[in-house]
Amino acid sequence: MKKIGFLTLLITATLLLTMALTAAAAGPKAPAAAVAVAPASPAAAAPTPMPPHPRVHEAIEALRSARDHMAHAEGEFHGHRDKAIEHIDAAIHEAEICEREP
């Protein structure tokens, strides 16, 4: 029972750490110095569009990182590690479906 609690704690800590690091990396950036340059054409002045679901994409990346951590964890935890990886794979699959939604 202690191993299951440890595994749950390990998975939770890994997911939270991964999500915190991706959120920090995607956080606000220092503003760049303004440059007064006239665009060559109106199409060149258009900003690049954001992906339709950036948070879902970040969550998928966090899940993939968590899966990698679990795959390389030492020990089998009486089969619970493999079951956790299966659940993470299912979560990745569902999140990819969400990402494709308009």
Exercise for review: Check His78 against each of (1) outside any loop (DSSP other than H, G, I, E, B); (2) open to solvent by less than 60 Å² (accessible area, probe 1.4 Å); (3) of a type outside the set (D, E, K, R) and name the one condition it does not meet.
Suggested key: (2)
Practice item. May I ask you to list the residues in the range 58-67 that are open to solvent by 80 Å² or more (accessible area, probe 1.4 Å) and either farther than 9 Å from Ile92 by Cα or without any contact (Cβ under 8 Å) to a residue 12 or more places away in the chain (or both)? Key: Arg67
**Study point:** Boolean, His93 is in a helix (DSSP H, G or I), at pLDDT 95 or above and open to solvent by 40 Å² or more (accessible area, probe 1.4 Å)
**Key:** yes
**Study point:** the range 76-102, residues that are touching a residue at least 12 places away in the same chain (Cβ under 8 Å) and of a type in the set (Gly, Ala, Ser)
**Key:** Ala84, Ala91, Ala95
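The values are calculated or read from the model by the stated rules, or taken from the named source; none is laboratory data. Just so we're clear, the structure is a prediction, and the values are computed from it rather than from any experiment. Cβ atoms come from the backbone with ideal geometry, glycine included; neighbour counts cover every protein chain shown. When the accessible area is computed, the model is the full protein with side chains, heavy atoms only, and any ligands, DNA or RNA have been set aside. Shrake-Rupley method; radii C 1.70, N 1.55, O 1.52, S 1.80 Å.
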